[in-house]
1. For the stretch 67-97, which positions are aliphatic (A, V, I, L, M) and under 14 Å from Leu12 (Cβ atoms)?
2. Within the stretch 56-82, restricting attention to residues that are in contact with a Pro (Cβ under 8 Å, 6 or more places away or on another chain) and within 21 Å of Ile127 (Cβ to Cβ), which residue is surrounded by the fewest Cβ atoms within 10 Å (Cβ to Cβ)?
3. Scan Leu68, Leu12 and give me the residue that is touching a Phe, Trp or Tyr at 6+ places or on another chain (Cβ under 7 Å), modelled with pLDDT of 95 or more and more than 16 Å from Val94 (Cα to Cα).
4. Of a type in the set (A, V, I, L, M, F, W, C) and either under 12 Å from the mean Cα position of the chain (by Cα) or farther than 14 Å from Val98 by Cα (or both), is that true of Leu24?
5. Could you check Pro97 against (1) over 25 Å from Ile127 (Cβ atoms); (2) without any contact (Cβ under 8 Å) to a residue 40 or more places away in the chain and say which number it fails?
6. List, please: which pairs have Cβ atoms under 9 Å, are six or more places apart or on different chains, and start with a residue in the stretch 32-47 that is within 21 Å of Leu111 (Cα to Cα) and end with one that is basic (Lys, Arg) and outside any helix (DSSP H, G or I)?
Amino acid sequence: MAEEVNPKAYPLAEPQLTQSILDLVQQATNYKQIKKGANEATKTLNRGIAEFIVMSADATPLEILLHLPLLCEDKNVPYVFVRSKQALGRACGVSRPVIACSVTKKEGSQLNNQIAAIQQNIEKLLI
C-alpha cells in the first residue's frame, strides 16, 4: 500500500474483496453485463438497471466520480471503491484505466448468485 488513498474514497474494499469484485467484473464483461466509465455508470443508475457500482480510489481528481455514491444512495444500489483504476480497466477487458463501472441486471443470468453475494459483502462495508 505505497500511495495514500483519498479519504473520500469510502468504502474501500480490502484486498480479498477487491479480488472477488474484479473477478466478478471480469465474468460480467464476458456476459455483456457491464458498463464502463462514470457516465455509463450514471446512466445505468438512472435507468434502474445497476446491480452495484465499482469505482477506483486513484482517479484524479476523485471528485469526477463522487456524484455516483450520492446517486447510489438515492437508488439503494451498493457501491464500493477499489484501489487501482488500472486493475479495474483490466477486469473490464480494456487496456485503458477505468475509473468506474456498473454491473447491470440481466434476467436469468448465471452470475445472479455471485452478484448477490458481492452485494451483501459491499453492504457490510457500509454499516
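The values are calculated or read from the model by the stated rules, or taken from the named source; none is laboratory data. This is a predicted model, so every value here is computed, not measured. For neighbour counting, all protein chains shown are included, and Cβ atoms are generated from backbone atoms with ideal geometry for every residue, glycine included.
1. Val80, Val82, Ala87, Leu88
2. Residues of the stretch 56-82 in contact with a Pro (Cβ under 8 Å, 6 or more places away or on another chain): 56, 72, 79-81.
Okay, now just the ones that are also within 21 Å of Ile127 (Cβ to Cβ), so 72, 79-81.
Details: Cys72: 21, Tyr79: 26, Val80: 26, Phe81: 26.
Residue satisfying both the conditions and the ranking: Cys72.
3. On the way: Leu12 fails: modelled with pLDDT of 95 or more.
Among Leu68, Leu12, only Leu68 is touching a Phe, Trp or Tyr at 6+ places or on another chain (Cβ under 7 Å), modelled with pLDDT of 95 or more and more than 16 Å from Val94 (Cα to Cα).
4. yes
5. Among (1) over 25 Å from Ile127 (Cβ atoms); (2) without any contact (Cβ under 8 Å) to a residue 40 or more places away in the chain, the lone unmet condition for Pro97 is (2).
6. Lys32/Lys106; Gln33/Lys105; Gln33/Lys106; Lys36/Arg96; Ala41/Lys35; Thr44/Lys35; Thr44/Lys105
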